[in-house]
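Asker: Have a look at this one before I ask anything.
Please treat every number below as a calculation from the coordinates, not as lab data. All figures in this text were calculated on a predicted structure; none of them were measured in a lab. For neighbour counting, all protein chains shown are included, and Cβ atoms are generated from backbone atoms with ideal geometry for every residue, glycine included.
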Amino acid sequence: MRIPFLSLFITSPFDGLLEHAEKVKECAWAFQQAIECHLSKKCVSFEEFRQEVITLEREADAIKRRIRGHLPKGTMMPIDKFQLFRYLKEQDGVLDTLEDALDWISYRPEPGIPKEIIKDFLLLVDLNIDPIEEMGKMVLEARNYFKTFNETQRGLVKGIIRELRVKEHEADRVEHRLKRRIFEINLDPVSTFHLIRLVEITGSTADHVENSGDMMRAMIAK
């Protein structure tokens, strides 16, 4: 008989994962505001949003260290703790990527995003940010699953994981299209490199979200 996962702990590690996921969502919101500001000719708050992302990332790091440091040693668990840590690494990777993208913009804020690709760039941002909300739901549903090991609940988690994979593929298609369009624009080599790298960093957000889904699937596997 499988012992309900959450009964093994005074505080479930999934509570910490949920808290961390909330920080990721807050960071995603600040990131979107920073990007919108960067695209605006009247933007004066980009640096404030970037600093907000940095602060949220530090707060999330504190939660991450608490999760890693408070797993009871020698306790039987229905999942491998290293799978839990690898999941946390991917979820944390989302934060790092958002911070890296804004840092990259700050190195060379001018001349900004060419008008020819603004629409596709905003689409890329949306496709990478939207799954972050689903990632939080995935953690919540997984926590509920480990309370009861109910198969219906497990199916809900797997459904979210499939949706994350679909969203990552959509983001990949837009990323590749953007790269082709950047090379078609008459830009100087430095601007071309800066834009291509920005697109790659932004696009890796969805990669981390998909990877987190893969690790969650491993954790809920029978």
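Asker: Too long at a 25 Å Cα-Cα cut-off: which of Lys64/Lys147; Lys42/Lys89; Lys89/Lys167; Lys23/Lys158; Lys23/Lys81; Lys42/Lys64? Numbers along the way, then the final one.
Answerer: Numbers: Lys64/Lys147 22 Å; Lys42/Lys89 37 Å; Lys89/Lys167 20 Å; Lys23/Lys158 23 Å; Lys23/Lys81 22 Å; Lys42/Lys64 37 Å.
Pairs exceeding the cut-off: Lys42/Lys89; Lys42/Lys64.
Asker: About its Cα centre, what dipole magnitude does the chain give when the only charges are +1 on Lys and Arg Cβ and -1 on Asp and Glu Cβ, stated in debye to the nearest 20? Don't skip to the answer; put the middle values down first.
Answerer: Values: 34 positive and 38 negative charges, 182 e Å.
That gives the chain a dipole magnitude of about 880 debye.
Asker: Let me ask you something else. Taking the Cα centre of the chain as the origin and placing charges on Cβ (Lys, Arg +1; Asp, Glu -1), which of Val44, Pro109, Ser12 is farthest toward the positive end of the dipole?
Answerer: It is Ser12.
Asker: Tell me, what is the percent relative contact order of the chain, built from C-alpha pairs under 8 Å that lie six or more residues apart? Please list the in-between numbers first.
Answerer: Working: 240 pairs, mean separation 65.2, N = 222.
Computed value for the chain: 29 percent relative contact order.
Asker: When the label point is put 7 Å from the Cα of Lys179 along its Cα-to-beta-carbon vector, which residues of segment 191-222 have a backbone N closer than 19 Å?
Answerer: 191-211
Asker: Using the charge dipole of the chain (Lys, Arg: +1 at Cβ; Asp, Glu: -1 at Cβ; taken about the Cα centre), state which of Leu198, Gly93, His176 has its Cα farthest towards the positive end.
Answerer: Gly93
Asker: Just to be sure I understand the model, the point goes 7 Å from the Cα along the line to the Cβ. What's the resulting Cys43 to Phe82 distance in nm?
Answerer: 4.2 nm
Asker: Would you mind ranking Lys167, Lys41 so that the residue whose beta carbon has the fewest other beta carbons within 10 Å leads the list?
Answerer: Numbers: Lys167 20, Lys41 5.
So the residues, fewest neighbours to most, are Lys41, Lys167.
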